[in-house]
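Participant: Take this structure first; my questions come after.
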Amino acid sequence: MFTGLIQDVGKVESLERGVDGARLRIATALAAEVASGDSVAVDGVCLTATAVDADGFETEAMNQTLEVTALGKLEQGSRVNLELALKASDRLGGHIVQGHVDGVGEVLSVEGDGFARRLRVGLEPGLLRYAIEKGSVALNGVSLTIADLGDSWAEVSLIPETLRRTNLGDVDAGDRLNVECDLVAKYVERMAAPFAGKERT
């Protein structure tokens, strides 16, 4: 489990794609805190460190992960948001994030708003159903508050600290972001379904 508070922006040093999936090496200052077998959220996707040294770690992404997330667009040199798994003693400063991406959203617009930046992301209905104003969403693993909603999009406001400490400061219109919806909203929907005359699936 994660909180959506990014601890470092790592760099993809190598990327090997094959019929079986992709193998990545990511350079990061967090390497000293990672052990082989640990879970690390990479742009919001929970991956397992397969090898670790003083300067970074290696990991693998299977084909399904590449198909349903934005990791398939990564290239050598890409900057990725990194977060280590939550410890029982840590503060839950963001919101509950599993690292299980629900889908991919496309950045529709990026506009300045004083010292902040407004990011509008197009969401398919299956994702938008879990979004409410002032609710939580994770974009590329970053815990954010939804500032505005439309029929097919959600908008978040990024403060300077978020722009500096994550790769969301790099995004532009047309970019694709990993989206993880609020876990609580998904549980509430499932638990309430029988009372709404819907069959549980």
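Participant: Could you give the length gained by full extension between K134 and A196, i.e. 0.36 nm per residue of separation minus their alpha carbon distance, to one decimal place?
Facilitator: Taking K134 through A196 to full extension adds about 19.9 nm, to one decimal.
Participant: Sticking with this one: With a 10 Å radius around each residue's Cβ, average the other Cβ atoms per peptide and rank 59-65, 108-114, highest first.
Facilitator: Ranked from most to least packed, the peptides come out as 59-65, 108-114.
Participant: Determine, from the Cβ-Cβ distance of Q98 and D20 and an R0 of 30 Å, the FRET efficiency 1/(1 + (r/R0)^6), rounded to the nearest 0.05.
Facilitator: About 0.75, to the nearest 0.05.
Participant: Continuing with this model, one more query. In nm, give the distance between the simple-model label positions of T145 and S109, each being 7 Å from the Cα along the Cα-to-Cβ direction.
Facilitator: 2.2
Participant: Under a no-solvent Debye model with one identical scatterer per Cα of the stretch 21-75, what's log10 I(q)/I(0) at q = 0.25, 0.30 Å⁻¹?
Facilitator: Debye curve over Cα of the stretch 21-75, log10 I(q)/I(0) at q = 0.25, 0.30 Å⁻¹: -0.98, -1.28.
Participant: Can you compute the FRET efficiency between D38 and E13 using 1/(1 + (r/R0)^6), with r the Cβ-Cβ distance and R0 = 22 Å? Round to the nearest 0.05.
Facilitator: Between D38 and E13 the formula returns 0.75.
Participant: Then there is this: Sorting F115, F2 by accessible area (1.4 Å probe), largest first, what list results?
Facilitator: Of F115, F2, the descending order of accessible area is F115, F2.
Participant: So, one more: Show L92, L128 ordered by accessible area, largest first, where the area counts protein heavy atoms only and the probe is 1.4 Å.
Facilitator: These residues rank, largest area first, as L92, L128.
Participant: Starting from one equal scatterer on each C-alpha and no solvent at all, send me the Debye-based log10 I(q)/I(0) for the stretch 76-139 at q = 0.29 Å⁻¹, two decimals.
Facilitator: Here the Debye-derived log intensity ratios amount to -1.31.
Participant: Rounded to the nearest 10 Å², what accessible area does H95 show when all protein chains are kept and the probe is 1.4 Å?
Facilitator: 20
Participant: Further question: Can you tell me the alpha carbon radius of gyration of the stretch 1-98 divided by the globular rule-of-thumb value 2.2 N^0.38 Å?
Facilitator: Compactness ratio reported: 1.02.
Participant: In the structure displayed, which of K11/K87; K134/K186; K73/K134 lie more than 28 Å apart, Cα to Cα?
Facilitator: Over 28 Å Cα-Cα: K73/K134.
Participant: Just the number, please: Stokes-Einstein D of the stretch 74-201 in µm²/s, Kirkwood Rh from C-alpha pairs, 10 °C, 1.306 mPa s.
Facilitator: Roughly 101 µm²/s, to the nearest whole number.
Participant: If you don't mind, another one. Just the accessible area per residue of the chain, please: how many Å² with a 1.4 Å probe?
Facilitator: Heavy-atom SASA per residue in the chain reads 53 Å².
The values are calculated or read from the model by the stated rules, or taken from the named source; none is laboratory data. As the structure is a prediction and not an experimental result, all values here were calculated from the model. Here the Cβ is made from the backbone with ideal geometry for all residues, glycine too, and neighbour counts use every protein chain on show. Note: areas computed on protein heavy atoms with side chains; ligands, DNA, RNA excluded. Shrake-Rupley method; radii C 1.70, N 1.55, O 1.52, S 1.80 Å.
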